Amino acid sequence: MEHLQGFAPLAERYDGFILDLWGVIHDGVNAFPHAVDTLRHLRETGKRTLLLSNVPRPNDAVQTMMRRMGIEDALYTDIMTSGEAVRRSLISPPDLWWTQLGTRMYHLGPERDRPVYDGLPIAVVARPADADFVLNTGPDDHRNPSELGEFEADLRECAAHGLKMICANPDLVVIRGGVRVLCAGSLAVRYRELGGDVRSLGKPEPAVYQPVLQQLGLSPDRVLAVGDSLHTDIAGAAGVGIASCWVLDGIHGAALSNGAGGFDPAKTDAAAAEAGLSPVASLPRFVW
């Protein structure tokens, strides 16, 4: 793995880029100025960029949020979110698992994630006992989003009723405005431990990369994935034969710190090796 300080050398080697959002382009509250500048450079050099995010909201809802942050639509070629993938699967079930879900849904997640199912022929119920399945978009706004135990009772009740779970964000944790919080993926892991049947859409699931590569219109060997999570971004790219670049100033940042404001190359190499992954390069952050 090369330990680079800027993205420019990688931009010369590939024609298209699959870019993570949270931790690479923004922190859920503010855009990173250096990342916006890098997007501008990629656009000016004619590179194709697709923003691939595990956020549990459809594409248009995420684009609206990014515009408020100052990330213009023109800065990237296309976008795909896990929320968009879930919505499309609810509209056109891709297999028998989805076809047999039923129409009564218990939503485990915040109200802001409603666009995933708004307008669909689904009845949202207040209790797992009245549901056919559960849509997990992550911790809601009424409990501590950093404490898994806050959601144990809900998960146990869903499992007791044998509800299939859709996980609309396979991420385990994210850094939101400098605070580490749980994502839907952590709730899904616990649900599986309780014997629950879970279907996740988003990185690192291979299915989410198929439409992405079609949208980019490039062969996998000409594409580089960029992300801050070994578990989703780097592992997901590896699973479909796409090279990757690991951005260190994200969810793994504290573990990889050199104690002087930078990152330790030896720790970085060791963490990737322990995960069985081989990103082609690392960057401290998504800077040109």
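Just one of (1) assigned to a helix (DSSP H, G or I); (2) at pLDDT 95 or above; (3) among the hydrophobic types (A, V, I, L, M, F, W, C); (4) closer than 24 Å to C183 by Cβ fails for M65. It is (2). Which condition from (1) within 19 Å of L224 (Cα to Cα); (2) touching a helix residue (DSSP H, G or I) at 6+ places or on another chain (Cβ under 8 Å); (3) at pLDDT below 95 is the one that W22 breaks? For W22, the failing item is (2). For the range 41-62, the set of residues classified as in a loop (DSSP other than H, G, I, E, B) and in contact (Cβ under 8 Å) with a residue 24 or more places away in the chain consists of T45, K47, N54, V55, P56, R57, P58, listed by residue number. With respect to R88, determine if the residue is outside the structural domain of S186 (by TED's automatic domain parsing) and either more than 30 Å from E44 (Cβ to Cβ) or polar (S, T, N, Q) (or both). Criteria met by R88. In summary, no strands (runs of 3 or more DSSP E) completely within the range 93-160 bear 3 or more residues that are modelled with pLDDT under 95 and of a type in the set (F, W, Y).
Cβ-Cβ distances below 7 Å connect the following pairs, each with a first residue in the range 260-273 that is touching a residue at least 24 places away in the same chain (Cβ under 8 Å) and farther than 15 Å from V247 by Cβ, a second residue that is of a type outside the set (F, W, Y) and outside any helix (DSSP H, G or I), and a separation of six or more residues or different chains: D269/M1.
The sole residue among G236, G196 that is small (G, A, S), in the same structural domain as M165 (by TED's automatic domain parsing), at pLDDT 95 or above and buried (at least 17 other Cβ atoms within 10 Å of the Cβ) is G196. Whether any residue in the range 19-30 is in the same structural domain as G185 (by TED's automatic domain parsing), in contact with a Gly (Cβ under 7 Å, 6 or more places away or on another chain), part of a loop (DSSP other than H, G, I, E, B) and more than 21 Å from Y209 (Cβ to Cβ) is what I want to check. Taking every residue of the range 19-30 in turn, none turns out to be in the same structural domain as G185 (by TED's automatic domain parsing), in contact with a Gly (Cβ under 7 Å, 6 or more places away or on another chain), part of a loop (DSSP other than H, G, I, E, B) and more than 21 Å from Y209 (Cβ to Cβ).
The values are calculated or read from the model by the stated rules, or taken from the named source; none is laboratory data. Predicted, not measured: the structure shown is a model, and the values here were computed from it. Neighbour counts run over all protein chains shown; Cβ positions are idealised from the backbone, glycine included.
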